[in-house]
1. Candidates [x] 161; [y] 127; [z] 111; which is the computed volume of the Cα convex hull per residue in Å³?
2. When the label point is put 7 Å from the Cα of residue 44 along its Cα-to-beta-carbon vector, which residues of segment 1-35 have a backbone N closer than 19 Å?
3. Can you give me the angle between helix 7-18 and the longest principal axis of the chain, using Cα atoms only, in degrees from 0 to 90, rounded to the nearest 10?
4. Could you work out how much longer the chain between residue 1 and residue 16 gets when fully extended? Use 0.36 nm per residue separation minus the Cα distance between them, nm to one decimal.
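What follows draws every value from the coordinates through simple rules; no lab data is involved. The structure presented is a predicted model; accordingly, all values stated were derived computationally and were not measured. Because the Cβ atoms are built from the backbone with ideal geometry, glycine has one as well, and the counts that use them run over all protein chains shown.
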């Protein structure tokens, strides 16, 4: 996220691929965008769906003072 911020890093990684320090296939592992919607969609496809992740039901934590027991 934030292509301007990661510009130098992306340029360096492209240079590494050009110099064969990394495989050109490694470039496919990168995803840089300025769109929050694209980030969300990328995560859904490449993490949630790919690995079958499911959202767990949140359980209150007593040590945070959530759902305190009444005495």
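1. Label of the calculated value: [x].
2. It comes to 1, 31-35, nothing else.
3. Roughly 50 degrees between the two axes.
4. Values: separation 15, 0.36 × 15 = 5.40 nm, distance 2.09 nm.
In short, 3.3 nm is gained.
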